[in-house]
1. Rounded to a whole number, what is D in µm²/s for the protein assembly as shown from Stokes-Einstein with the Kirkwood radius over alpha-carbon pairs (10 °C, 1.306 mPa s)?
2. Could you work out the local net charge near A:Gly58, counting Lys and Arg as +1, Asp and Glu as -1, over the other residues with Cβ closer than 14 Å to its Cβ?
3. Within 13 Å, Cβ to Cβ, of B:Thr55, how many net charges do the neighbouring residues add up to if Lys/Arg are +1 and Asp/Glu are -1?
4. Could you identify which residue out of B:Tyr33, B:Tyr95, B:Tyr47 has the top mean-square fluctuation in a GNM of chain B using Cα springs shorter than 10 Å?
5. If amide H atoms are built 1.01 Å from N in the plane of the peptide, which residues on other chains or at least 5 residues away come under 5 Å of the amide H of B:Gly58?
6. Of the candidates B:Ser94, B:Ser84, B:Ser49, which one comes out as most mobile in a Gaussian network treatment of chain B with C-alpha springs shorter than 10 Å?
7. Which percent of the accessible heavy-atom area of chain B goes to carbon and sulfur, probe 1.4 angstrom?
Amino acid sequence: GQNIDQPTEMTATEGAIVQINCTYQTSGFNGLFWYQQHAGEAPTFLSYNVLDGLEEKGRFSSFLSRSKGYSYLLLKELQMKDSASYLCAVSSQTGANNLFFGTGTRLTVIP
Amino acid sequence: NAGVTQTPKFRILKIGQSMTLQCTQDMNHNYMYWYRQDPGMGLKLIYYSVGAGITDKGEVPNGYNVSRSTTEDFPLRLELAAPSQTSVYFCASSYSGTGTDTQYFGPGTRLTVL
């Protein structure tokens, strides 16, 4: 089976740094994705990791440790518009990019 | 490019009614997916397609049917609507099925079954 865990809610202050963790246990592993979803909107792609290590994209970075089944998303210089849900998803099926999603972490950025 | 479009945006159905959720993409993507998202739950894969004429079940296919007659369109059919199918439905597409290929999501259809 597939099991993906992430915290339900987090609160952080504007301008600060926040780290959202994701742990996974899946029957296979092709890659790990992070999506951002604002309330009432579609998920939008943020980043993905295939190999261990850190991937940086502007204010967002994502880290992966395959041996530990662990990833985190790091958001720097938080802005009010970063208030959203952040979804961790694992691609684990050979030959298809079917994603298994965690329940998402709702981040609230406060002034 | 419009990307992935879905219609309708909202719909209320009575128990036992049927309907088709439409999904179209103009990115020439081979792979298309249908997910449902319930409050407080992660997205769950209903069906997916790896190309025209080829579909397969995901995690939660019961109560749904799909077809893929063209590359662009991937409609989702609910035959006998039940309250348990109240959810937000997202269609997505990707160019390939490799583990690193990004999926692009449509705006969603919010369905209520009463």
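The values are calculated or read from the model by the stated rules, or taken from the named source; none is laboratory data. These numbers were taken from a predicted model, which means no experiment stands behind them. All Cβ positions, even for glycine, are placed from backbone atoms using ideal geometry, and neighbour counts span all protein chains on display. These accessible areas exclude ligands, DNA and RNA; they are computed on the full protein's heavy atoms, side chains included. Shrake-Rupley method; radii C 1.70, N 1.55, O 1.52, S 1.80 Å.
1. 89 µm²/s
2. The answer is 0.
3. Net of charged neighbours comes to +1.
4. Residue with maximal mean-square fluctuation among B:Tyr33, B:Tyr95, B:Tyr47: B:Tyr95.
5. B:Tyr47, B:Tyr48
6. Sorting by GNM fluctuation, first place goes to B:Ser84.
7. In chain B, the share of accessible area belonging to carbon and sulfur is 52 percent.
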